[in-house]
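Take a look at the structure below.
Just so you know, all these numbers are worked out from the coordinates, no wet-lab data involved. For clarity, every value in this text was computed on a predicted model and none was experimentally measured. All Cβ positions, even for glycine, are placed from backbone atoms using ideal geometry, and neighbour counts span all protein chains on display.
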Amino acid sequence: MTRKMSVVLENNLEELSVLTQMLQAFLRPYQMPSGALYAIELSLEELLVNIVSYAYDDDAPHEIHFKVDVDEDMIAMKFIDDGRPFNPLAAEKMETRNPLSENGEGGLGINFVRQMRDMMEYQRKENRNVLRIWFQRKT
């Protein structure tokens, strides 16, 4: 049986702590390994910060739709925003062995997410970014 959670957020970083608490409460019954929870929470944080910080060319409020589906094997997170097109799968990979000063600003969070997830899919639909990311429950 699949269990679902769906939240609509504003594009501000204050929403992150509330969303993280909601996600933790939603996932608590599944008693997941701490490594899997860490990967999910870090991915949520990195992706939401990326959307809020870089997706919009204005200071107007925008909605970010966040959904989570949990079944017996996988946890799927989905982010939908109306920001400028950004495909994290096509973003340049950062060299993580270099000092941070050599990499410049940004990019490491997306790198971490790509390394921690099991699957990731990006689409641009109806002028919206749609990013899906999957994690094995038993990681």
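Magnitude of the Cβ-charge dipole of the chain, K/R +1 and D/E -1, about the Cα centre, nearest 20 debye?
Rounded to the nearest 20 debye, it is 680 debye.
Given the Cα-Cα distance of Asp69 and Gln123 and 0.36 nm per residue of separation, how much length would full extension add, in nm?
In short, 17.6 nm is gained.
For the residues Thr20, Thr2, what sequence is obtained by ranking on other C-beta atoms within 10 Å, fewest first?
With the sparsest Cβ surroundings first, the list reads Thr2, Thr20.
What number, in percent, do you get for the relative contact order of the range 1-81 if the mean sequence gap of Cα pairs under 8 Å and at least 6 apart is divided by its residue count?
This gives 49 percent for the range 1-81.
Go through (i) 16.5; (ii) 18.5; (iii) 15.7 and flag the label whose value is the computed Kirkwood radius over Cα pairs in Å for this structure.
Label (iii) holds the value from this structure.
Calculate, for Met1 and Trp134, the FRET efficiency according to 1/(1 + (r/R0)^6) with r their C-beta to C-beta distance and R0 22 Å; round to the nearest 0.05.
Efficiency, rounded to the nearest 0.05: 0.80.
Lysine pairs in the chain with alpha-carbon atoms under 15 Å apart, 8 or more places apart or on different chains: how many are there?
Here the count comes out as 4.
Given a cut-off of under 8 Å on Cα pairs at least six residues apart, what relative contact order in percent is computed for the chain?
Worked out over the chain, it gives 31 percent.
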